[in-house]
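The values are calculated or read from the model by the stated rules, or taken from the named source; none is laboratory data. The shown structure was predicted, so the numbers you read here are calculated from the model rather than taken from an experiment. Reconstructed Cβ throughout: ideal geometry from the backbone, glycine too, with neighbour counts over all protein chains shown.
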Amino acid sequence: MKIARIETFVLSPGAGKNLLFCRVETESGLHGWGEAYVPRGRDQVVDSCLRTMAPHMIGRSAFNIRHTAQIIHDDFATRRGSLELLSAWSAIEIALWDILGKHTGLPVYNLLGGASRERVRVYANGWSESSAPLEENLERALALKEQGFTAAKWDPFPGPRRNSIERADEDIAINYVRRMREVLGPDFELLIEAHRRFSPPHAIRIGKRLVEFGIDWYEEPCPCEDIEQIAEVRRAVPIPIVTGEAMYSKESFFQALAIRAADVFNPDVCAMGGITALMDVAAMAQARSVEMAPHNFNSTLVGLAASVHVCAVIPNFRITEYFVNMREGCDAVALQSLNMQGGWVDLPTTPGLGVDLDAEALRARPYQAMPNRRMRHYWEEFPRKDYVPGSAH
């Protein structure tokens, strides 16, 4: 069963970011859907990489997923990895699993070893608006609880993402977490996102202040390129530490496991090489008693479905991510979607991923430039009277 055609689609869902899908078709006419992770502002870069990769896939067997992944790494990329490369390959890899499921008449999770659970728990993200008043965001959080969610993640820290934080901004973040706990009660899981922002001393001080609110995890408090920084925070703060969304290779996760840097891994199936890679990391993590909570800043269609199929199988699954602000835009292009009940997704029973997209609807909602965060100069944030931009200071 050979690959015959690959087409890419960039969708503007109206919130969050653009989304990048690909449709892989075999010579027999069977097709599968895949999705690539795209950071804001780099969606067209990943699309270009995917389009460049696609001709090298034509004529290859849709069955040989691991072999083709190695060829992409060794020959196409000459063993130079990148987010853009792995995101592009992830889209094709996920689509191939969709094809294999349809070819065999089985849901993908049955090809991966069979389900360990009947449904998959998700937490809400994409609900908090950084520019909105606190009380408005608290109302949004309460609405999530009323919808059936039992966990939510957000970044409570104001200001630009720098290694340090002003004490006034830190107090704003701590108060935000305090009010969330008061409003949502003791049983609702609060998942704190830091976006790889702080140096260890700042991360540790903040983590110790968060302890009293019984938060359920502290995600990526430090940059993960130097994984020892995150390990330092884990040793000092009695809160589960999460890392992995900005780690893309098995070697990176191996290093994190070797120094026991985290309690939970959150790699993204659309950014790390697809379903096979996510299964591999989950197996590595299980051996060191590390839980899996896959990141999913992707659609509520293909990206979520790929995560759900892996989460259905792995024994060390904890929870996965659901972007509530993207659902409406994704539903508008869906021919078949996952069944969502509150904070749970039912396992699909149809062959493949269990989702299907309308190609014409995708074409009708093409790429739109999304506003980026303003890039600031350091002297704008921390003005010094003696500092002159462009000087040698």
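Observations on the structure shown:
- Of the residues making up region 143-151, at least one is of a type outside the set (Phe, Trp, Tyr) and assigned to a loop (DSSP other than H, G, I, E, B).
- Subset of region 49-63 [part of a loop (DSSP other than H, G, I, E, B) and either at pLDDT below 95 or crowded, with 19+ Cβ neighbours inside 10 Å (or both)]: 57, 62
- Screening residue 164 against (1) within 27 Å of residue 296 (Cβ to Cβ); (2) among the small types (Gly, Ala, Ser); (3) exposed (fewer than 15 other Cβ atoms within 10 Å of the Cβ) leaves a single unmet condition, (1).
- Taken as a whole, region 45-68 holds at least one residue that is within 19 Å of residue 369 (Cα to Cα) and of a type in the set (D, E, K, R).
- Region 27-48: number of residues that are touching a helix residue (DSSP H, G or I) at 6+ places or on another chain (Cβ under 9 Å), in a loop (DSSP other than H, G, I, E, B) and at pLDDT 95 or above: 4
- Within region 216-238, none of the residues are of a type in the set (Gly, Ala, Ser) and either in contact with a Ser or Thr (Cβ under 7 Å, 6 or more places away or on another chain) or more than 21 Å from residue 255 (Cα to Cα) (or both).
- Boolean, residue 68 is touching a Leu at 6+ places or on another chain (Cβ under 9 Å), modelled with pLDDT of 95 or more and under 27 Å from residue 246 (Cβ atoms): yes
Residue by residue, here is whether (1) within 29 Å of residue 243 (Cβ to Cβ); (2) of a type in the set (Val, Ile, Thr); (3) modelled with pLDDT under 90; (4) in the same structural domain as residue 265 (by TED's automatic domain parsing) holds:
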{"residue": "306", "(1), (2), (3), (4)": "yes, no, no, yes"}
{"residue": "335", "(1), (2), (3), (4)": "no, no, no, yes"}
{"residue": "358", "(1), (2), (3), (4)": "no, no, no, no"}
{"residue": "362", "(1), (2), (3), (4)": "no, no, no, no"}
{"residue": "365", "(1), (2), (3), (4)": "no, no, yes, no"}
{"residue": "383", "(1), (2), (3), (4)": "no, no, yes, no"}
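- Yes/no for residue 176 being of a type in the set (Ser, Thr, Tyr) and more than 21 Å from residue 206 (Cα to Cα): no
- Filtering 124, 91, 95 for residues that are surrounded by 17 or more Cβ atoms within 10 Å (Cβ to Cβ), of a type outside the set (S, T, N, Q), outside the structural domain of residue 338 (by TED's automatic domain parsing) and under 17 Å from residue 294 (Cα atoms) leaves a single hit, 91.
- One residue stands out in region 333-350 among those that are in a loop (DSSP other than H, G, I, E, B) and in contact (Cβ under 8 Å) with a residue 60 or more places away in the chain: the one that is nearest to residue 361 (Cα to Cα), namely 333.
- Scope region 351-371; condition outside any loop (DSSP other than H, G, I, E, B) and either out of contact with any Gly (no Cβ under 7 Å at 6 or more places or on another chain) or more than 27 Å from residue 122 (Cα to Cα) (or both); matching residues: 356, 357, 359, 360, 361, 362, 363
- Check on residue 324, in contact with a Lys or Arg (Cβ under 8 Å, 6 or more places away or on another chain) and within 28 Å of residue 128 (Cα to Cα): no
- Test for residue 124: is it touching a Leu at 6+ places or on another chain (Cβ under 8 Å) and free of Cβ contacts under 8 Å to residues at least 40 places away in the same chain: no
Residues checked against (1) surrounded by 16 or more Cβ atoms within 10 Å (Cβ to Cβ); (2) modelled with pLDDT of 95 or more; (3) in the same structural domain as residue 126 (by TED's automatic domain parsing):
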{"site": "150", "(1), (2), (3)": "yes, yes, yes"}
{"site": "178", "(1), (2), (3)": "no, yes, yes"}
{"site": "192", "(1), (2), (3)": "yes, yes, yes"}
{"site": "225", "(1), (2), (3)": "no, no, yes"}
{"site": "228", "(1), (2), (3)": "no, yes, yes"}
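- Filter result for residue 260 (of a type in the set (Lys, Arg), within 16 Å of residue 191 (Cα to Cα) and free of Cβ contacts under 8 Å to residues at least 60 places away in the same chain): no
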